[in-house]
Amino acid sequence: MLMVGLAALIWCGGWWLNTRLANGPQADTRLVQLLVPVIFGVTLLLVWQLLVKGLQVPLVILPAPSDIAVAFAGNLSKLRDDFLQTFVKGALRGYVIGCSAAFLMAIVMDRSDFLRRGLLPVGNFVAALPIVGTAPILVMWFGFDWHSKAAVVVVMVFFPVLVNTVAGLRETSAMQRDLMQTYAASYWQSFFKLRLPAALPFVFNGLKISTTLALVGAIVAEFFGSPTVGMGFRISTSVGKLSLDMVWAEIVVAALAGSMFYGTVAMVEKSLTFWHPSQRR
Amino acid sequence: MKTIVAVLTVLTVIIGFWYAACLPMNIKGVLTEAERAGVEVVPVGAKERRDMGEMGLVLNNSFAIQATWSQDRPRLPAPHQVAVELWKTTGAMVLKGKTMSKRSLFYHAWVTLSATLLGFAIGTGLGILLAVGIVHSKVMDMSVMPWAIVSQTIPIIALAPMIIVVLYSVGVQGILPKAIISAYLSFFPVVVGMVKGLRSPDSMQLDLLRTYSASLSQGFWKLRLPASMPYLFTSLKIGIAASLVGAIVGELPTGAVAGLGARLLGGSYYGQTVQIWSALFAAAILAACLVALLGVIERIVLKRMGIGA
């Protein structure tokens with residue numbers, strides 16, 4: 001009961017601190033803007049820990065953060081193998097193949113009005129579909145190893161990138177294109193110097209959406225069959241063994257991988273599209 | 001008109017490719033079956049054929065081309081096989097008066113759809129509430145919003161098997177666990193879109209309301225909420241597609257016996273490829289219908305508000 005009371009106290013304390021910080025005179029400084037979400041996160045973790053321990057919630061329902069940390073530290077090599085199998089072999093390779101294929105396809109589509117008219121509605125339609133459903137088929141075709149996971153990822157990231165790139169390549173105004181024409185620029189010159197840079201914010205939008213999809217695809221594909229290593233495999237078998245601390249450790253890995261993947265793409269975007277209004281400070 | 005012709009052409013080409021792809025995908029299985037049935041096959045023996053190119057096999061055994069499109073359990077079923085299976089499990093069932101029989105896709109689609117809709121309702125409801133809180137409270141904005149954005153980069157679906165098992169162990173089962181996964185997936189798109197929408201009125205409009213000495217709730221109901229509608233519908237469309245994916249994935253790890261996800265899983269266990277493909281198309285049609293339905297509602301609502309084109 002003591003711990004529950006403490007949890008309530010910490011929650012109120014954290015909230016009070018954040019209220020003070022957010023409504024205080026320093027609210028718009030960079031430090032406070034970073035500090036407030038961190039305080040919120042730490043408070044949440046502490047409350048979680050104290051509530052689970054205080055109410056003696058069984059491990060099979062919700063492990064405490066400390067249990068998860070122990071499982072994480074105790075299975076580092078296993079987690080690393082899973083990470084390599086699912087993320088590096090499956091998700092990353094599929095992401096690179098799928099995004100480059102979609103990008104090239106978008107350039108081809110942009111050159112032909114007919115193709116664009118025909119493929120864009122189809123692409124838009126497919127982009128909204130539950131493509132994860134193709135996972136059992138692709139696992140059947142490409143076997144249990146990373147090839148099938150990469151294939152699922154390719155199919156999942158292809159359409160968002162395609163649709164966004166095609167939209168981006170049409171972003172230039174007639175005035176800008178006319179200017180290139182008056183310079184007697186060839187198709188490829190105006191493509192590389194005008195239309196590709198103008199398309200980049202859209203392309204990166206698609207690439208950023210695809211980072212999450214890539215991980216989701218690789219993990220879900222492992223539910224349909226996998227070698228005895230991999231994040232999806234570990235999650236489904238650990239759930240079966242009711243060792244939820246391991247599941248949560250795997251989720252921590254997935255979360256870290258997902259946010260770092262996204263962060264990397266966002267950083268590349270920042271350095272390539274520094275001129276865009278959304279990047280200005 | 002030009003667009004329709006173009007789309008139809010593209011679809012025809014895709015279906016043509018599909019039929020063509022059936023040849024190399026299925027030829028080995030067909031030849032093995034034909035050999036067992038006593039037909040002469042070049043070259044003899046599955047072992048010799050294993051390392052040969054698929055296209056070469058097709059050219060050598062042109063009699064088998066027909067058979068690659070009508071196998072019982074093909075690696076890649078032909079379009080008409082999928083269409084026939086879809087009709088057998090939907091239209092034909094209705095004609096027989098067994099719309100809700102367990103073999104009917106309507107039954108499975110309904111199981112998935114009910115979880116999707118329940119989850120979607122929970123997710124959007126909570127999402128809109130949180131967005132209202134974020135817009136009106138600076139503390140919530142500063143502490144919750146960064147986490148909401150970060151959580152978008154996490155593959156939430158990885159949680160699905162765990163959520164189901166945990167809820168099962170506390171005695172909750174049936175539609176609710178799947179609905180919770182759906183809700184989780186549709187929650188964040190709605191929060192992010194709704195926050196953007198509620199913030200979309202510019203300072204001029206907000207100032208005008210202040211000169212009218214409008215209260216906070218009046219400002220919300222008369223300015224912010226109407227202004228957020230276009231944003232809301234955009235994120236609702238993303239949310240419902242995500243909800244459907246969530247409900248389907250939620251059916252996978254439990255070994256559920258009903259629902260489109262269960263059809264996918266069952267098909268992959270028993271090598272019933274035609275069943276997988278028809279379940280996939282059923283899911284696709286369902287998703288398209290849901291998004292289209294939201295599009296219609298969007299057009300009506302926006303038109304009545306005077307925003308729609």
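Read-outs throughout are calculated quantities, based only on the coordinates presented, and are distinct from any laboratory measurement. This one's a predicted model, so the numbers in the text were calculated from it and none came from an experiment. Neighbour counts run over all protein chains shown; Cβ positions are idealised from the backbone, glycine included.
A few notes on this one:
- Overall, region A:72-279 carries a charge dipole of about 280 debye about its Cα centre when +1 sits on the Cβ of Lys and Arg and -1 on the Cβ of Asp and Glu, all other atoms neutral.
- Sorted by Cβ density within 10 Å, fewest first, the residues B:203, A:259: B:203, A:259
- Qualifying aspartates and glutamates (Cα of each under 18 Å from Cα of residue A:193; at least 8 residues distant if same chain): A:110, A:171, A:178, A:269
- Anchor residue B:47: lysines whose Cα lies under 26 Å away (excluding residues fewer than 8 positions away in-chain): B:28
- Computed over chain A: relative contact order in percent, which uses C-alpha pairs under 8 Å that are six or more apart: 22 percent
- Restricting the calculation to Cα atoms, chain B shows an Rg/Rh of 1.11 when the hydrodynamic-style radius is the Kirkwood one.
- ³J(HN,Hα) computed for each position of region A:100-107 - Karplus, 6.51 cos²θ - 1.76 cosθ + 1.60, integer Hz, glycine/proline x: 5, 4, 5, 5, 4, 4, 5, 5
- Modelled spin-label separation between residue B:175 and residue B:211, with each label point placed 7 Å from Cα along the Cα-to-Cβ direction: 5.1 nm.
- Magnitude of the charge dipole for chain B, about its Cα centre and with charges confined to Cβ atoms of Lys, Arg (+1) and Asp, Glu (-1), is about 740 debye.
- Take each residue of peptide B:163-170, count the partner chain Cβ atoms within 10 Å of its Cβ, and average: the result is 3.
- Across chain B, C-alpha contacts under 8 Å between residues 6 or more apart give a mean separation that, scaled by the residue count, equals a relative contact order of 19 percent.
- Rh by Kirkwood over Cα pairs, then Stokes-Einstein D for the protein assembly as shown at 1.306 mPa s and 10 °C, µm²/s: 60 µm²/s
- In a reduced charge model with +1 at each Lys and Arg Cβ and -1 at each Asp and Glu Cβ, the protein assembly as shown shows a dipole moment near 980 debye about its Cα centre.
- With N the number of residues in region B:35-162, Rg(Cα) / (2.2 N^0.38 Å) evaluates to 1.91.
- Hydrodynamic analysis of region A:72-279 uses the Kirkwood radius over alpha carbon pairs. Inserted into Stokes-Einstein at 37 °C and 0.692 mPa s, it gives a translational diffusion coefficient of 178 µm²/s.
- Region A:154-221 and region B:193-244: distance between their alpha carbon centers, rounded to Å: 30 Å
- Separation of region B:275-306 and region B:11-72, taken as the distance between their Cα centroids, equals 38 angstrom.
- Neighbour-count ranking [beta-carbon atoms within 10 angstrom, fewest first] of A:147, B:80: B:80, A:147
- Here the convex hull built on the C-alpha positions of region A:123-165 has a volume of 55 cubic angstrom per residue.
- For residue B:90, distant residues with modelled amide H under 5 Å away: B:105
- GNM top mover of A:129, A:119, A:84 - chain A, alpha-carbon springs below 10 Å: A:129
- Per-bin percent of Cα-Cα distances, region A:2-57 [10 Å]: 25, 44, 22, 9, 0
- The average projected area of region B:1-80, computed from the convex hull of its Cα atoms over all directions, is 5.9 nm².
- Relative contact order of region B:111-252, taken over Cα pairs closer than 8 Å and 6 or more residues apart, is 41 percent.
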